[in-house]
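K.L.:
The structure's right below; bear with me while I get my questions together.
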């Protein structure tokens, strides 16, 4: 955890992804997330919409979101569902952990805030480039 006090604001970055080229589905997903964020009273500070495989975590759009988080320009990352972030649960868990270090919440339209702490109480996952065990 970063050793700093961070004021929790309502700056939201919307992340949308489709696996196959489908401009209509991507646009619908984006419109749905914008409407949801506005209803929550969040300030939308960025929107990333991309096409790419959920198994590839080296996506340009996902990197853009991470850079905004690391630059402390965002408090909430909003996606339609956890599978829009990716399809590998180990990497999603690592992604949520990393965002949490910056005080950023990863929210989904379908399931609310992503929190894997209860799951870690019962399983171990191998994550990260060093393949270190994390609980």
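K.L.:
By its C-alpha gyration tensor, with a ≥ b ≥ c as the square roots of the eigenvalues, how is segment 22-64 shaped: rounded for a/c under 1.5, else prolate for a/b larger than b/c, else oblate? Each step should come with its number before you reach the end.
P.N.:
Details: a/c = 2.88, a/b = 1.58, b/c = 1.82.
Cα axes put segment 22-64 in the oblate bin.
K.L.:
Along the Cα-to-Cβ line of residue 23, 7 Å from the Cα, sits a label point; which residues in segment 29-47 have backbone N less than 16 Å from it?
P.N.:
29-31
K.L.:
Sort 42-50, 9-17, 54-62, 69-77 by the packing proxy (mean of other Cβ within 10 Å over each peptide's residues), most packed first. Mind dumping the intermediate values first?
P.N.:
Working: 42-50: 16.6, 9-17: 21.2, 54-62: 14.3, 69-77: 18.2.
Ranked by mean Cβ neighbours within 10 Å, highest first: 9-17, 69-77, 42-50, 54-62.
K.L.:
According to the square roots a ≥ b ≥ c of the eigenvalues of the Cα gyration tensor, what is the shape class of segment 1-92, taking rounded for a/c under 1.5, prolate for a/b larger than b/c otherwise, and oblate for the remainder? Mind dumping the intermediate values first?
P.N.:
Numbers: a/c = 2.19, a/b = 1.28, b/c = 1.70.
It is oblate, given that a/c is not under 1.5 and a/b is not larger than b/c.
K.L.:
If I model a spin label at residue 113 and residue 49 as a point 7 Å from the Cα along the Cα→Cβ vector, what separation in nanometres do I get?
P.N.:
Between residue 113 and residue 49, the simple spin-label model gives 2.9 nm.
Computed from the coordinates by the stated procedures, all read-outs in this text should not be read as laboratory data. Source: prediction; values computed, not measured. Methodologically, a virtual Cβ is constructed for each residue, glycine included, from the backbone with ideal geometry; neighbour enumeration extends over all protein chains shown.
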